[in-house]
Each structure stands twice: as structure tokens, then as C-alpha cells.
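Notes to accompany the following structure.
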């Protein structure tokens, strides 16, 4: 069996409605900082601001040419040589197929090889242990426990802050690439 073709393409205006539908899925909202239903007006403001903001970059995750999720960089700070990132897979059939791992590899490569930054950060709700584990498998280190950092379902929730330095990636890259190639991904 050949590995699926997993790619990232830049966000386009035509993706606007799809993103709102994805973001309002309960299984996606559960892992986001906000979990209210996003209105059309709220999404419109966010979408147009996102496309115009030079401190952000967005890609649609594609599986065999089909849109299945969103990846993004935010807080891009070239002067400090760092940024943060996040992603989600909106199509449940993609989970467990290595899509997230390939996206992680591609985004990390983009940050260090193409943008020349020195640090990539992310934040994960403490209850999302599989995603924390995935990030750690690519060399991310736990740097913070942000106590009662967000409110979900009316209660405070902790967030794990992770960071990956360019030197960490240089030490981890070959092993990450080996694992992905062993699963049949052509990177």
C-alpha cells in the first residue's frame, strides 16, 4: 500500500466557509481555546484579518488533493527569530494515518529551513496528551505549564507550552525523517 499524498497549500478566499464549518465541529472546538459557536460575522472578521496579518501564515492540509484540515503559524517575530504554530485535522478519517506527523515535519522544515527562525512554539490543552506526545516525538520540549490558562465549558483548564529550537531539530530531524519514511512517506 502506498502512503497517501499529504500536502499544504496556502489558504485562499474560497476556503472561508469551509474553515467556519470545520472550526464549529464539536470535535475540533473541544481542543481550541474558545468553544462557542462561531458566527458568520465573527468568522468574517477573523478570516479577513488573518489573510492580511503578516505575523500569521495559513495552509490548508490536503490528503490526496482533498482539503482535510488547517495548519498555521502565528506570532511570527523575525526580529526574535521565533513563531508559534497550531493545526487541526477536521476530517476524522485522517486520524491515525500519519497525516498529523507529516504536517508537523513539513511545518517544522518550513520554520527552520525556509524562514530561518530559531524557535517554534506551541500550546496544547493539558487533556490533549496524544498531541503533546506527538510534538515531543519531533523534539519539542515542555517549557511551561500554564495553570488555569483558558476556560472550557465554564471551568479553568491548564495548557502545556512546548518549544523546539533549531538546534533541537538539527539533532532530531534524521530520526523523524527515518520514522516517516519507514511508514512509507516520501519526504
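FYI, it's all coordinate maths here, none of it is from the lab. All of these numbers come straight from a predicted model, not from anything done at the bench. Methodologically, a virtual Cβ is constructed for each residue, glycine included, from the backbone with ideal geometry; neighbour enumeration extends over all protein chains shown.
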Notebook entry, point to check: Any idea how far the Cα center of segment 1-23 sits from the one of segment 111-146, in Å?
Noted result: 22
Margin query: Only Cα pairs within less than 10 Å get springs; with that Gaussian network setup on the chain, which residue of 85, 31, 151 has the largest fluctuation?
Written below: 151
Note to self: For 12, 104, which order do you get if you count the other beta carbons within 10 Å of each Cβ and list the fewest first?
What the structure shows: 12, 104
Check: Hey, fewest Cβ within 10 Å first, where do 135, 80 land in order?
Finding: 80, 135
Check: For labels at residue 51 and residue 75 in the simple 7 Å Cα→Cβ model, what's the distance in nm?
Finding: 2.7
Check: Taking only the alpha-carbon positions of the chain and ignoring solvent, what does the Debye formula give for the base-10 log of I(q)/I(0) at q = 0.14 Å⁻¹?
Finding: -0.83
Check: Kirkwood-based Rg over Rh for segment 21-63 (C-alpha set), two decimals?
Finding: 0.99
Next item on the list: Find the eigenvalues of the gyration tensor of the Cα atoms of segment 56-129, then list the square roots of 5 times those eigenvalues as equivalent ellipsoid semi-axes, largest first, in whole angstrom.
Entry: 23, 14, 10
Margin query: List residues of segment 23-41, by number, whose backbone nitrogen lies under 13 Å from a label position 7 Å along Cα→C-beta of residue 128.
Written below: 23, 27-35
Checklist line | Computed [θ] at 222 nm, helices only, for the chain once each DSSP H run of length n ≥ 4 contributes -39500 (n - 2.57) | finding: -10000 deg cm²/dmol
